[in-house]
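A.B. asks: If you scroll down you'll find the structure; I have some questions about it.
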Amino acid sequence: MTPSDVLRSHVSGSRSSDGAAQEPSGLFTFSQQVDSWVVRTAKPVSYEIRFVDDVLDPSSSDLVEAGSRGATGGDAAPVRRFVVVDARVDLLHGDRIRAYFDHHKVEHRICVVPADESVKAFDTAAHIIREIDEFGIARRHEPVVVIGGGVLMDIVGLVSSLYRRGTPFVRVPTTLIGLVDAGVGAKTGVNFNGHKNRLGTYFPADLTLLDRCFLNTLDRRHISNGLAEILKIALIKDGGLFQLLERHGGLLLEEKFQGLSSTGELAGAETLRRAIHGMLEELQPNLWEAQLERVVDYGHTFSPTVEMRALPELLHGEAVCVDMALTTVLAQHRGLVSETDRDRILATMRALELPSWNDLLTGEILADALQDTVRHRDGQQRLPLPVGIGGATFVNDVTALELASAVEDLRALQDAGRTAERGTR
Ligand SMILES: NC(=O)c1ccc[n+]([C@@H]2O[C@H](COP(=O)([O-])OP(=O)(O)OC[C@H]3O[C@@H](n4cnc5c(N)ncnc54)[C@H](O)[C@@H]3O)[C@@H](O)[C@H]2O)c1
Ligand SMILES: [Zn+2]
């Protein structure tokens, strides 16, 4: 079917009741019969996520070739790139970034942006847009490059989707959350009006280049933070991944996924691959989130509100982990998770150095959080809960009383866990 066939097929059925009035000239016969048009079209989307070794090695061409969609400005045209870099990454890796683009004779502007949750705001996006406009890019073959964590990738994704109604971009994640989560999906966004990711778009990067070398300079706490999103995938769909974390989580944290031992290398590579694969299995059939029951929303029911209220105390993955701890206890109360598995889950959270409690778990805050999430999920809770370890189900009938009982139990388990830890020291 050609586009004009589609139009014709809809035009034919769209005559209004009073549309029969005659024009004397006969010139307007066609338009008189039609007063409603329906346009249907589908946009094919494909994007790639690729592991690379040392993306900033000058002998590697992955980054310089990335995302230009096959088009060029002509052989004689200089290659140009606008590169947005997280300020801390610039401090640690900036010389290599500049040397890489110099080596490949790329005319570039490096836009350094301090990025953490507190500056994940539209103002930061507007600042980047202004700089892009000043530099000037050819929107088909000069993709914006972002090198940073989830915060900067989300902001630059939004910028790219807005700039000239869509400009290709390439992601180089430098945090663990970036590698396994923020760098693989299609969502962009900034916080707004006190709400997490309230402004955003669906706009995947053409290419994401995954280089785990960056994790070497990341704080231990941010490795834990990323392990929380990996644990999420494990709990709701991959029992084997959970076993990897249960057995080797401490080592992965210690080695920062740099493969310093042979066990660390094998476990690290397998953990990353399984986490990304699991995530993509869920995202691909539901990229635009038409289906609101998403297992990958596990841990993201109460956490958006808790994270924003706790800011800057809790990192994203930490807030997600607190949510997962609470909903694990809730699932255990419902008989979906055994006491033994509940304890294995909470022990693994501790081993990954993640929090499973926060004082913001009050009845009032949880009620607010649930209300906001219900609005986000079109009027229903659609709350994912674990079934055993590696399965999930959705519920719509969680009550305030049930939440209060889960909170009480989680607090007691926390206290018991702490006492046991003190005893073994
Ligand atoms: N779009 C999505 O699908 C998606 C998915 C998950 C999370 N997110 C978002 O991601 C954000 C969290 O991402 P994050 O945890 O990467 O946080 P982040 O981007 O704030 O990075 C964490 C900290 O690490 C620093 N840093 C980054 N790379 C470094 C490196 N290699 N070495 C040393 N320091 C480095 C940063 O400067 C920052 O201070 C949240 O805003 C969350 O909403 C988005
Ligand atoms: Zn998340």
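The values are calculated or read from the model by the stated rules, or taken from the named source; none is laboratory data. Note that the structure is predicted; figures quoted are calculated from it, not measured. Don't worry about glycine lacking a Cβ; one is built from the backbone with ideal geometry, like all the others, and counts go over all protein chains shown. Keep in mind that these areas ignore ligands, DNA and RNA; they rest on the heavy atoms of the full protein, side chains included. Shrake-Rupley method; radii C 1.70, N 1.55, O 1.52, S 1.80 Å.
A.B. asks: Check whether at least one residue in the stretch 127-138 is touching a strand residue (DSSP E or B) at 6+ places or on another chain (Cβ under 7 Å), of a type outside the set (A, V, I, L, M) and not in a loop (DSSP other than H, G, I, E, B), and report yes or no.
C.D. replies: Let us first name the residues in the stretch 127-138 that are touching a strand residue (DSSP E or B) at 6+ places or on another chain (Cβ under 7 Å), namely 128, 131-132, 135, 137.
Adding the requirement that they be of a type outside the set (A, V, I, L, M) leaves 131, 135.
Filter again for not in a loop (DSSP other than H, G, I, E, B), leaving 131, 135.
Taking every residue of the stretch 127-138 in turn, at least one turns out to be touching a strand residue (DSSP E or B) at 6+ places or on another chain (Cβ under 7 Å), of a type outside the set (A, V, I, L, M) and not in a loop (DSSP other than H, G, I, E, B).
A.B. asks: Now for a separate question. For residues that are in contact with a Lys or Arg (Cβ under 8 Å, 6 or more places away or on another chain), open to solvent by 10 Å² or more (accessible area, probe 1.4 Å) and more than 7 Å from ligand 1 (Cβ to nearest atom), scanning just the stretch 140-164, find the one that is nearest to R109 (Cα to Cα).
C.D. replies: Ranking the qualifying residues of the stretch 140-164, first place goes to E142.
A.B. asks: May I pose another question? Determine which member of the set L292, L314 is away from ligand 1 (no atom under 15 Å from the Cβ), surrounded by fewer than 24 Cβ atoms within 10 Å (Cβ to Cβ) and under 20 Å from D372 (Cβ atoms).
C.D. replies: From the options L292, L314, the qualifying one is L292.
A.B. asks: So, one more: Which of the residues spanning the stretch 67-112 are modelled with pLDDT under 95, surrounded by 16 or more Cβ atoms within 10 Å (Cβ to Cβ) and among the hydrophobic types (A, V, I, L, M, F, W, C)? Don't jump to the end; show me each part of the working.
C.D. replies: Here is the first cut: in the stretch 67-112, the ones modelled with pLDDT under 95 are 67-79.
Next cut, surrounded by 16 or more Cβ atoms within 10 Å (Cβ to Cβ) only: 67-68, 79.
V79 - this is the single residue of the stretch 67-112 that is modelled with pLDDT under 95, surrounded by 16 or more Cβ atoms within 10 Å (Cβ to Cβ) and among the hydrophobic types (A, V, I, L, M, F, W, C).
A.B. asks: Same structure, new question: From (1) touching a Ser or Thr at 6+ places or on another chain (Cβ under 9 Å); (2) within 10 Å of ligand 1 (Cβ to nearest atom), pick out the condition that doesn't hold for K120.
C.D. replies: (1)
A.B. asks: Given (1) in a helix (DSSP H, G or I); (2) buried (at least 16 other Cβ atoms within 10 Å of the Cβ); (3) within 16 Å of ligand 2 (Cβ to nearest atom), where does L280 come up short, assuming only one miss?
C.D. replies: (2)
A.B. asks: Here's another thing I want to ask about it. Of the conditions (1) away from ligand 2 (no atom under 16 Å from the Cβ); (2) open to solvent by 10 Å² or more (accessible area, probe 1.4 Å), T305 clears all except one; give me its number.
C.D. replies: Failed condition: (1).
A.B. asks: Taking L158, is it within 30 Å of V306 (Cβ to Cβ), hydrophobic (A, V, I, L, M, F, W, C), within 13 Å of the chain's Cα centre (by Cα) and more than 16 Å from ligand 2 (Cβ to nearest atom)? If you could, list the steps in order and put the result at the bottom.
C.D. replies: Working: within 30 Å of V306 (Cβ to Cβ): yes; hydrophobic (A, V, I, L, M, F, W, C): yes; within 13 Å of the chain's Cα centre (by Cα): yes; more than 16 Å from ligand 2 (Cβ to nearest atom): yes.
It is true that L158 is within 30 Å of V306 (Cβ to Cβ), hydrophobic (A, V, I, L, M, F, W, C), within 13 Å of the chain's Cα centre (by Cα) and more than 16 Å from ligand 2 (Cβ to nearest atom).
A.B. asks: Can you go through T167, T217, T188 and tell me which one is near ligand 1 (Cβ under 8 Å from one of its atoms), more than 14 Å from the chain's Cα centre (by Cα) and of a type outside the set (A, V, I, L, M, F, W, C)? Give the steps one after another, and end with the answer.
C.D. replies: Numbers: T167 fails: near ligand 1 (Cβ under 8 Å from one of its atoms); T188 fails: more than 14 Å from the chain's Cα centre (by Cα).
The conditions single out T217.
A.B. asks: While we're on this one: Condition first: under 17 Å from D297 (Cβ atoms) and in contact with a helix residue (DSSP H, G or I) (Cβ under 8 Å, 6 or more places away or on another chain). Can you find one or more residues in the stretch 164-172 that meet it? Please lay out each step first, then the result.
C.D. replies: In the first step, residues of the stretch 164-172 are kept if they are under 17 Å from D297 (Cβ atoms); the result is none.
Within the stretch 164-172, not a single residue is under 17 Å from D297 (Cβ atoms) and in contact with a helix residue (DSSP H, G or I) (Cβ under 8 Å, 6 or more places away or on another chain).
A.B. asks: Just to be sure before I move on: is E246 more than 19 Å from P355 (Cβ to Cβ) and open to solvent by 10 Å² or more (accessible area, probe 1.4 Å) in the structure I sent?
C.D. replies: Working: more than 19 Å from P355 (Cβ to Cβ): no; open to solvent by 10 Å² or more (accessible area, probe 1.4 Å): yes.
Against the criterion (more than 19 Å from P355 (Cβ to Cβ) and open to solvent by 10 Å² or more (accessible area, probe 1.4 Å)), E246 does not qualify.
A.B. asks: Out of all the residues in the stretch 201-230, which are open to solvent by 50 Å² or more (accessible area, probe 1.4 Å) and in contact (Cβ under 8 Å) with a residue 24 or more places away in the chain?
C.D. replies: Going through the stretch 201-230, the residues open to solvent by 50 Å² or more (accessible area, probe 1.4 Å) turn out to be 202, 212-213, 216-217, 219-222.
Selection gives Y202, R212, C213, N216, T217, R220, R221, H222.
A.B. asks: Looking only at the stretch 297-323, which residues are assigned to a helix (DSSP H, G or I) and among the aliphatic types (A, V, I, L, M)?
C.D. replies: Residues satisfying the conditions are V306, M308, A310, A319, V320, V322.
A.B. asks: Anything in the stretch 191-204 that is more than 9 Å from ligand 1 (Cβ to nearest atom) and touching a helix residue (DSSP H, G or I) at 6+ places or on another chain (Cβ under 7 Å)? List them, or say none.
C.D. replies: Pass one, the stretch 191-204, residues more than 9 Å from ligand 1 (Cβ to nearest atom): 192-195, 198-199, 201-204.
F192, G194, H195, L199, T201, F203 - these are the residues of the stretch 191-204 that are more than 9 Å from ligand 1 (Cβ to nearest atom) and touching a helix residue (DSSP H, G or I) at 6+ places or on another chain (Cβ under 7 Å).
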